[in-house]
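Right, one structure below, let's go through it.
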């Protein structure tokens, strides 16, 4: 399994992935024209032909045996620069009455675009058949999640100070969002799927035009909707756990449609950014593929030909990383190349 940037020939597979993501996966709508434009924009970003604030780096996880795409992930260089990037900010209002000797605090939701200009890690999806415990598919989800930190560490000057991730919110067994049903549905003459589709296509102006501009008092919401605030979809829990391990935290921002949390951190504080480092490569044909759970992640240092994969070992005492022929071919590197590596289980 290897990570690479998406290419024009991946359009059919990318659309198949989009159809499998399910409700609430806003960033990958099942729209062929939109996906083709996303691929074209990604290819321009990796060639560094577009301004940094408009770059979207989209990666795919490829099964190098079959050529099939197993999953995807992405980095948005800076959000909100072309279209507004909205959240609800969870806040508190205090009310008091001297006459009655009462003091009350009430939670509120306030529409905001506080994250404008931040980077975003997004679009992480792994096909179910590649989530198994089979040795070949061990840690595919971790590979998709962590490769973005190595990319941001290697090309640090292309990114701003902060990074965020929007997590999919709670949906019931019928695919219904209690948060949307109680709140958003009253302001938009659309069902959730249509509003979600428009947002995924970048058509977000209706949010600022139709959503209330004043704080929403959460006691006015149903108990079911309040229980969704800051909570994630069951399938999103592993992704959230990996982000928390890297140092991202919830600071009170939620998705305006499903109430899912937005987690964030300063990029330089993210574990994978801090602990990754460069090393030189030596090709050793006697080195074999690892038989145990992989822990070392390696990525190339050229943006235009970026690749990443698990490797079976870390650098030796001389600081050189020895790769077998298959590992070197998977990463597309030769003797003397430089890689960025990360021990994903290193104790701090």
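Key figures
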| item | result |
| --- | --- |
| All helices (runs of 4 or more DSSP H) inside the stretch 176-235 with 1 or more residues being at pLDDT 90 or above | 178-182, 223-226 |
| Residue 298 within 29 Å of the chain's Cα centre (by Cα) and in a helix (DSSP H, G or I) | no |
| Identity of the residue in the stretch 6-28, closer than 24 Å to residue 167 by Cα, surrounded by fewer than 19 Cβ atoms within 10 Å (Cβ to Cβ) and touching a helix residue (DSSP H, G or I) at 6+ places or on another chain (Cβ under 7 Å), that ends up modelled with the highest pLDDT | 15 |
| The listed residue being under 18 Å from residue 272 (Cα atoms) and at pLDDT 90 or above, out of 311, 333, 320 | 311 |
| Close pairs (9 angstrom Cβ cut-off, 6 or more residues apart or separate chains): without any contact (Cβ under 8 Å) to a residue 12 or more places away in the chain in the stretch 318-340, part of a helix (DSSP H, G or I) and exposed (fewer than 13 other Cβ atoms within 10 Å of the Cβ) anywhere | none |
| Of the criteria (1) buried (at least 17 other Cβ atoms within 10 Å of the Cβ); (2) under 26 Å from residue 227 (Cα atoms), which one residue 80 fails | (2) |
| Identity of the residue in the stretch 82-105, in contact with a helix residue (DSSP H, G or I) (Cβ under 8 Å, 6 or more places away or on another chain) and at pLDDT below 85, that ends up nearest to residue 180 (Cα to Cα) | 84 |
| Residue satisfying condition, being buried (at least 23 other Cβ atoms within 10 Å of the Cβ), over 21 Å from residue 2 (Cβ atoms) and in contact with a strand residue (DSSP E or B) (Cβ under 9 Å, 6 or more places away or on another chain), within set 247, 260 | 260 |
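The values are calculated or read from the model by the stated rules, or taken from the named source; none is laboratory data. Here the structure is a predicted model, which is why all the values come from computation and not from measurement. Cβ atoms come from the backbone with ideal geometry, glycine included; neighbour counts cover every protein chain shown.
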